[in-house]
Amino acid sequence: MAETEKGEAKETEQRMVLKITDVDPRFKYEISKIPGAEKVMLCFQCGTCTADCPIARFSDFYRPRKLIRMTQLGLKDRLLSSDVIWLCSTCFTCIDHCPQDVGIADIIRALRNLSVRERDMPVVFKELASNILKTGYAYMIPELRLKKRAEEGLPLLPKANLENVAKLFDITGLSKILEKVGT
Amino acid sequence: MPELKYLLFMGCVIPYRISSYEISTRKVLDKLGVEVVEMPEFNCCGLPLDPVNHDMMLTLAARNLCLAEQQNLNIVALCNGCFGTLNHVNKELKEDRKLRERVNGYLKEIGMEFKGTITVKHLIYVLAKDVGFEKIKDNVQKPLTQLRVAQHTGCHVIRPGKVVGFDDPENPTALKTLIKVTGAKCLDYMDETECCGAPIIGVNAEIPLQLAREKLDHIRAVGAQAMITVCPFCHMMYDLNQSRIERTFNEKFRIPVLHYSQLLGLAMGMSPDELAFKDLRVDASELVSLL
């Protein structure tokens, strides 16, 4: 997705001159209140995260250091509308290697959560959420597979407590978010 | 000697696609005298929803932890993602009172409370620490001395190092030692701790396929006859997707990808049929014929 023309257009747009009106100075405080993202201001832009990131090696656009700098600057709209924040594979190499203990992958997770709340999410996450709501499992396990388990001598697959799962979707606010973004 | 009894957290990927991992693990653990108890009413570990809503991930994980607390049993997880999530949330909730209060606020609505009385382990931790290399060695009946393999430990079982703390995240040795006790040779290769890329395949397929191709390339370069994994998600990336990788990059790898439990099972004298070798997408019959 990010490696397409759309991604390229966005990248060009991101290279344009920063305008003071694009900057939300409160954004860094908003982000640093989110668990895991508290240390966003400690990043001194050494670039270890980008250098060691497996995704950055194969992507022309995904640069964790840049995402952190944009967060510090308060480029909220650009960040939250960017496809690039969805490319982190959560390998946590950046977390282990950061000399400032910034928790880069957790900050990117916080950016994703905000983007979901204020905008939308990639369709794959809608599917995963819907599967979990319907079955308790992240994937729709076909009837055939369940039957095959018996043939293979495996115990029955436990049924999830769907009432509990639905309740958790409601009280964490996820049901409302899913309603808003549509499926 | 601790009692070797655990609640089995299977997760979603294994029952969905990778039952060969479950079948072989159950057989191997049984023979080693490790008892696994089924986990009724468990749900997804929560990891897939972390990018969407962190609180939802925390509560789904915490609900699973509460189920284990009710049975007063430690969890063994077979999937790196499930292990990483359940272990991380378990530790955070034990250490952070404010977070625990918030999550318990959610759990109260479904009549549960996180108390922090159990621990979460990955299969290789149970094998390496609780069962121990010596006992595994004692159970090896057919040392696999003809085999040269390479391991892929994966990410969430070693990183973040500060959270997991079981193995060296820069140079993990547990799986290597587990391979060596089967008699097989474990080969070093370039970038061993690199991610498989699978978590973003639903958003962007190109990058994970390139990452997986590179790993297969490095493994082929040192002459490994097979790759050994301990996570169903990583396994999917290298086994299920190997033909796709070959098509995409016009290459031939044909490298069989075994679950560690299958390798150990062979060394313990079990047959490839018993260990569900037929479920592997990349044919392993040539490898088996070496034994």
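The values are calculated or read from the model by the stated rules, or taken from the named source; none is laboratory data. Model, not experiment: these values are computed from the prediction. Reconstructed Cβ throughout: ideal geometry from the backbone, glycine too, with neighbour counts over all protein chains shown. What goes into the accessible areas is simple: the full protein's heavy atoms, side chains included, and nothing from ligands, DNA or RNA. Shrake-Rupley method; radii C 1.70, N 1.55, O 1.52, S 1.80 Å.
When the convex hull of the Cα atoms of the stretch B:140-291 is projected onto a plane and the area is averaged over all directions, what value comes out in nm²? Write down the numbers at each step before the final one.
Values: hull surface 34.9 nm².
About 8.7 nm², averaged over all directions.
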Chain pair B, A: total accessible area buried, heavy atoms, 1.4 Å probe, Å²: 5100
With every protein chain present, what is the per residue accessible area of chain A (1.4 Å probe, Å²)? 50
Can you give the Rg and Dmax of the stretch B:53-106 based on its C-alpha atoms, in angstrom? 10.8, 30
Carbon/sulfur accessible area of the stretch B:240-279, % of total, 1.4 Å probe, equals 46
Distance in nm between B:Lys135 and A:Glu179 label points, each 7 Å along Cα→Cβ, equals 5.2
Run the Debye formula on the Cα coordinates of the stretch B:4-51, all scatterers equal and no solvent, and tell me log10 I(q)/I(0) at q = 0.18, 0.30 1/Å. -0.64, -1.16
Cβ neighbours within 10 Å from other chains - mean over B:230-243: 0
I need the per residue convex hull volume for the stretch A:123-181, using only the alpha carbons, in cubic angstrom as a whole number. 80
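Calculate the translational D of the stretch A:69-164 in whole µm² s⁻¹ from Stokes-Einstein, where the hydrodynamic radius comes from the Kirkwood formula applied to all Cα pairs, the temperature is 20 °C and the viscosity 1.002 mPa s.
Working: Rh = 16.6 Å.
It comes out at roughly 129 µm²/s.
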Quick one: 3J(HN,Hα) in Hz for the stretch B:49-55, Karplus 6.51/-1.76/1.60 with θ = phi - 60°, rounded, Gly and Pro as x. 9, 4, x, 8, 7, 4, 5
P(r) of the protein assembly as shown over all Cα-Cα pairs, binned every 10 Å from zero, in whole percent: 4, 20, 31, 27, 14, 4, 0, 0
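Can you give the accessible area per residue of the stretch B:195-263, in Å², using a 1.4 Å probe? Before the final figure, lay out each step's value.
Values: 2060 Å² over 69 residues.
Result: 30 Å² per residue.
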Given H placed on each backbone N at 1.01 Å, which residues far from B:Ala226 in sequence or on other chains put an amide H within less than 5 Å of it? B:Ala150
For the peptides B:221-234, B:55-68, what is the packing order when you average, over each peptide's residues, the other Cβ atoms within 10 Å and list the highest mean first? B:55-68, B:221-234
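I need the Kirkwood Rh of the stretch B:5-122: take the reciprocal of the average 1/r across all distinct C-alpha pairs and report it in angstrom. Write out the running numbers ahead of the final one.
Numbers: mean 1/r = 0.0690 Å⁻¹.
Computed over the stretch B:5-122, the radius equals 14.5 Å.
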May I ask for the angle, rounded to the nearest 10°, between helix B:97-108 and the longest principal axis of chain B, with both axes built from Cα atoms and the value confined to 0 to 90°? 80
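Write down, largest first, the equivalent ellipsoid semi-axes of chain B in whole Å, where each equals the square root of 5 times an eigenvalue of the alpha-carbon gyration tensor.
On the way: eigenvalues 204, 103, 51 Å².
So the equivalent ellipsoid measures 32, 23, 16 Å along its semi-axes.
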Expected integer from the mean partner chain Cβ neighbour count at 10 Å over A:118-127 is 3
Suppose the Debye formula is applied to equal point scatterers at every Cα of the stretch B:194-248; what is log10 I(q)/I(0) at q = 0.18, 0.29 Å⁻¹? -0.54, -1.34
Spacing of the two label points (7 Å from each Cα toward its C-beta) at B:Glu246 and A:Asp22, in nm: 4.7
Can you list the HN-Hα couplings for the stretch A:39-52, worked out from phi with the Karplus curve (6.51, -1.76, 1.60; θ = phi - 60°), rounded to whole Hz and with x for Gly and Pro? 9, 4, 6, 7, 5, 10, 6, 6, x, 4, 4, 5, 4, 9
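Multiply the residue separation of A:Lys126 and A:Lys148 by 0.36 nm, subtract the distance between their alpha-carbon atoms, and state the gained length in nm to one decimal.
Details: separation 22, 0.36 × 22 = 7.92 nm, distance 2.81 nm.
Between A:Lys126 and A:Lys148, full extension yields 5.1 nm more.
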Quick check on packing: order B:69-79, B:194-204, A:27-37 by the mean number of other C-beta atoms within 10 Å, highest mean leading. B:194-204, B:69-79, A:27-37
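Express the accessible area of the stretch B:5-122 per residue in Å², computed with a 1.4 Å probe while the remaining protein chains stay in the model. Mind dumping the intermediate values first?
Numbers: 3890 Å² over 118 residues.
So the stretch B:5-122 comes to 33 Å² accessible per residue, rounded to a whole number.
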Sorted from largest down, what three extents in whole angstroms do the Cα atoms of chain A have along their principal axes? 61, 34, 33
Measure nothing fancy, just the Cα-based angle from helix B:19-31's long axis to the longest principal axis of chain B, in degrees from 0 to 90, nearest 10. 80
Over the stretch B:1-55, with every protein chain in place, what whole percent of the accessible area is carbon and sulfur at 1.4 Å, could you tell me? 49
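Summing -39500 (n - 2.57) over the DSSP H runs of n ≥ 4 in the protein assembly as shown and dividing by its residue number, what mean residue ellipticity at 222 nm do you reach, to the nearest 500 deg cm²/dmol?
Details: 25 runs with 222 residues, N = 474.
One gets -13000 deg cm²/dmol as the mean residue ellipticity at 222 nm.
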